[in-house]
1. Which of the residues spanning region 1-21 are under 22 Å from Asp114 (Cα atoms) and either surrounded by 13 or more Cβ atoms within 10 Å (Cβ to Cβ) or in contact (Cβ under 8 Å) with a residue 60 or more places away in the chain (or both)?
2. Please tell me if Met81 is part of a loop (DSSP other than H, G, I, E, B) and more than 17 Å from Thr13 (Cα to Cα).
3. Taking region 27-70 as the region of interest, how many residues are in contact (Cβ under 8 Å) with a residue 12 or more places away in the chain and not in a helix (DSSP H, G or I)?
4. Which pairs have Cβ atoms under 9 Å, sit 6 or more apart or on different chains, and link a residue in region 98-120 that is basic (Lys, Arg) to one that is at pLDDT 90 or above?
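The values are calculated or read from the model by the stated rules, or taken from the named source; none is laboratory data. All values derive from a computational prediction rather than experimental measurement. Every residue, glycine as well, gets a Cβ built from its backbone with ideal geometry; the counts of neighbours run over all protein chains shown.
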Amino acid sequence: MSTEILDHWKVVTECDQLDTEFTNCGSQLVVLYFGQPNCIGCEQIRGLMISLPAKYPKVKFLQIPSNSPVKRDHYCCNDMMVFPATRFYKNWKYPDQRDHLQIAIGACGSVIEDLIKQYQ
């Protein structure tokens, strides 16, 4: 049995916590990851995802667990239906900016890393 929690990523379990993270990010890139237990694609990119915070220390890495109320209740997360999925945000102006810069769906590790390089 696999685990969906990634080492070195901050786990967000409350909507208010996610709002605070966004509010405090300033111009910092925020990478928001969605995975699930026993997800083949999630397991395929797990090693890469775990390595990203050390490679890109100026980026904020946040993870929303599949059973978290944030995934169901927060407008940035409640439409996630395919896993793994990664969303990228920058220059958050809550509540005016509700759109993400990009989204990567599936086990596309090179795309995820390229987007981090592009937006960091």
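1. Answer for region 1-21, where residues must be under 22 Å from Asp114 (Cα atoms) and either surrounded by 13 or more Cβ atoms within 10 Å (Cβ to Cβ) or in contact (Cβ under 8 Å) with a residue 60 or more places away in the chain (or both): Leu6, Trp9.
2. Against the criterion (part of a loop (DSSP other than H, G, I, E, B) and more than 17 Å from Thr13 (Cα to Cα)), Met81 qualifies.
3. 24
4. If the second residue must be at pLDDT 90 or above, the pairs left are Lys117/Tyr56.
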